[in-house]
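Engineer: Here it is, the structure, as structure tokens.
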Amino acid sequence: MAALGFGLSAVFIKAGMSSVSVKTATVISLISSTAVTMAVAFLLHYEEIFSLSPMAFVWFILAGLITFLGGRFLNFHAISLIGASKASAVVSSTPLFAAILAVLFLEENIGFMLGVGTLMIVAGITLVVIQK
């Protein structure tokens with residue numbers, strides 16, 4: 001269901017941006033996403049949210065700024081330049097970056113399966129992006 005949701009999102013973004021700029025589309029998307037997410041979060045997890053440590057809030061805020069603002073804007077820009085299907089394939093490289101950053105910052109180890117999976121991600125993205 002998550003994959004279907006992300007796929008539909010890319011198609012809706014491309015259709016919606018036929019009449020607005022990437023910046024406007026990003027702002028509209030951020031406002032609607034924030035409102036829905038906050039409503040659901042506070043309804044279902046009010047006590048948990050207020051019991052978080054200040055440092056946890058800082059990490060979540062940084063993650064939100066990177067993904068919600070930076071990631072969404074760059075994703076929308078990619079969709080406007082290369083289309084929904086190619087942009088979605090490139091966004092699917094998330095596990096590659098997660099693996100690299102986990103090794104660098106969390107001192108996780110890359111085992112055989114993670115290494116092979118990472119190479120397959122790179123190969124798949126390369127095939128999608130180089131097609132005419």
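Values quoted throughout were computed directly from the atomic coordinates according to the rules given, and no laboratory measurement underlies them. Predicted, not measured: the structure shown is a model, and the values here were computed from it. Using ideal geometry, Cβ is built from the backbone for each residue, glycine included, and neighbour counts are taken over all protein chains shown.
Engineer: Given axes a ≥ b ≥ c from the Cα gyration tensor, I'd like to know whether the chain is rounded (a/c under 1.5), prolate (a/b larger than b/c) or oblate. Each step should come with its number before you reach the end.
Structural biologist: Working: a/c = 2.22, a/b = 1.08, b/c = 2.05.
Since a/c reaches 1.5 but b/c is at least a/b, the shape of the chain is classed as oblate.
Engineer: At 7 Å along the Cα-to-beta-carbon direction for both S33 and Y46, put a label point, then send me their distance in nm to one decimal.
Structural biologist: 2.7
Engineer: Residue-wise, which Karplus ³J(HN,Hα) couplings in Hz belong to the stretch 57-70, taking 6.51 cos²θ - 1.76 cosθ + 1.60, θ = phi - 60°, and x for glycine or proline?
Structural biologist: Per-residue couplings from phi come out as 4, 4, 4, 5, 5, 4, 4, x, 5, 5, 7, 5, 8, x Hz.
Engineer: Distance between the C-alpha centers of the stretch 75-132 and the stretch 1-35? Whole Å please.
Structural biologist: Each part's Cα centre sits 21 Å from the other's.
Engineer: Determine the gain in length on full extension of the stretch F112-I61; use 0.36 nm per residue of separation and subtract their C-alpha separation, reporting nm with one decimal.
Structural biologist: 15.0 nm
Engineer: Which of these, S85, S53, S33, has the largest mean-square fluctuation under a Gaussian network model of the chain (Cα springs below 10 Å)?
Structural biologist: S53
Engineer: Using 7 Å Cα-to-Cβ label points, what is the F6/S92 separation (nm, one decimal)?
Structural biologist: A separation of 0.9 nm, rounded to one decimal place.
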